[in-house]
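Encoded as structure tokens, the structure appears first; notes follow it.
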Amino acid sequence: MKIDEIVSNIKTAAITGHIKPDGDCVGSVLALYNYLERNYPELSVDLYLEEPSGKYGFLKNFDRIDSSYGKECVYDVLFCLDCSTKERLGAARKYFDTAKHTVCLDHHVSNEGYAGENYIYGELSSACEVLYNHLDPKKLDLDIATCLYAGIVSDTGVFRYSCTSPATMRIAADLMEYGIRTNEVVDETFFTKDWNENRILGYAVLNSHLLFDGRVIYSYITDEKMKEFQVTSRELDGIVSQLRLTRGVICAVFLYETGPWEYKVSLRSDDPFDVNEVAAVFGGGGHVRAAGCNVRGELADCIEAITAQIGSRL
Ligand code: 5GP
Ligand code: MN
């Protein structure tokens, strides 16, 4: 019930998450926003996040997300959810630097505790699970439960990944009691793709390569291909997970171009291979099974550098 204590004596709060927000990030910030709106109507709360995928548009108060960061305000408290470093706050960094108090709730093993008050549980499935543990269960409703459930579904790959624990399932069960239309949430946030999103997934799989006797797979999408398929980086989300599902593969690598000679890298692995370690070599981080980083250089050199790091750890 920590959140209730933190907001008991303040007038203004803001909530934010990491750049390129995923389902857990969007779910957790909206769950907290809706929790505060429902239980602390006198509190002024703002919500900042880079523009999320429209597939989360059904979550309550999705339209309150401010992606312009235009407001200048010194907040009593800034909540940072699912965000492992200050740098990954992106444009919300200015609110972090000026806020009177900062609170971080996260589940990234690489998070070193950059906020004033830190609740970091690397063993938990999602920021939504961490947040749930800090809310008063008597103060939830269907909308809050739906946001939390959507986030847990997203970061557990619909309860498949090894971060899914018995406690995760108990929380999901408690949330279901509010009457969530779970099949719709799962389909809408996880499985349903736009046609172009599905096509570029197919393209990336078709053009993937195996290395190290089929234990490593990689693929990439150039800026040109993203234009051809009319997608943005938001539509590339599921590609690396699909690559990982190749039989025999223990580590999947996916890169996409973010600028001239600049690539975003996503890494996924099977037990016991640690991709957080690999991402850290390139200044990134994340989790043991899912991590990411940014690299610069010619595409072939970037692929060579990353796969060499992976190869040396096999
Ligand atoms: P994704 O591959 O889906 O972008 O990210 C996988 C995980 O790694 C997420 O938990 C994400 O927060 C983390 N991650 C991705 N890119 C970076 C990065 O550049 N730096 C750090 N510290 N974490 C990252
Ligand atoms: Mn997360």
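Using only Cα atoms, find the angle between the long axis of helix 142-156 and the longest principal axis of the chain, and express it within 0 to 90 degrees, rounded to the nearest 10.
Around 20 degrees separate the two axes.
For segment 277-306, which GluC sites (Glu not before Pro) pass both filters: DSSP loop (anything but H, G, I, E, B) and at most 11 other C-beta atoms within 10 Å?
Listed in order of number, the matching sites are Glu298.
Using only the alpha-carbon atoms of the chain as identical scatterers, what base-10 log of I(q)/I(0) does the Debye formula give at q = 0.07, 0.08, 0.10, 0.15 Å⁻¹?
Normalising to I(0) and taking log10 leaves -0.27, -0.35, -0.55, -1.22.
With all protein chains present, how much of the accessible area of segment 3-191 (probe radius 1.4 Å) comes from carbon and sulfur, to the nearest whole percent?
Carbon plus sulfur share of accessible area: 49 percent.
What does the accessible area of Glu177 come to, in Å² to the nearest 10, when a probe of 1.4 Å is used?
150
Which entries in the list Lys60/Lys138; Lys60/Lys139; Lys227/Lys264; Lys20/Lys139 go over 23 Å, if you measure between the two C-alpha atoms of each?
Pairs exceeding 23 Å: Lys20/Lys139.
Projected onto the charge dipole of the chain (+1 at Lys/Arg Cβ, -1 at Asp/Glu Cβ, origin at the Cα centre), which of Val29, Val275, His134 gives the Cα projection farthest towards the positive end?
Val275
Taking a probe of 1.4 Å, how large is the accessible area per residue of segment 254-314, in Å²?
45
Using only Cα atoms, find the angle between the long axis of helix 166-176 and the longest principal axis of the chain, and express it within 0 to 90 degrees, rounded to the nearest 10.
Rounded to the nearest ten degrees, it is 60.
Send over a whole-number figure in Å² for the accessible area per residue of segment 3-191, probe 1.4 Å.
Counting only protein heavy atoms, the per-residue value for segment 3-191 is 41 Å².
Where the only charges are on Cβ atoms (+1 Lys, Arg; -1 Asp, Glu), what is the dipole of the chain about its Cα centre, to the nearest 20 debye?
Computed charge dipole of the chain: roughly 240 debye.
Per DSSP H run of at least 4 residues, take -39500 (n - 2.57); add these up for the chain, divide by its residues and hand me the 222 nm value, nearest 500 deg cm²/dmol.
Helix contribution divided over all residues of the chain: -10000 deg cm²/dmol.
I need to check one value: relative contact order of segment 195-311, counting alpha carbon pairs closer than 8 Å and at least 6 residues apart, in percent.
It comes to 19 percent, rounded to a whole number.
If the elastic network links every pair of Cα atoms under 10 Å, which of Asn111, Asn39, Asn276 fluctuates the most in the Gaussian network model of the chain?
In the Gaussian network model the winner is Asn39.
The values are calculated or read from the model by the stated rules, or taken from the named source; none is laboratory data. What you are looking at is a predicted structure, and each value in this text was computed from that prediction instead of being measured. Reconstructed Cβ throughout: ideal geometry from the backbone, glycine too, with neighbour counts over all protein chains shown. Areas reflect the complete protein model, heavy atoms only, side chains present, ligands, DNA and RNA absent. Shrake-Rupley method; radii C 1.70, N 1.55, O 1.52, S 1.80 Å.
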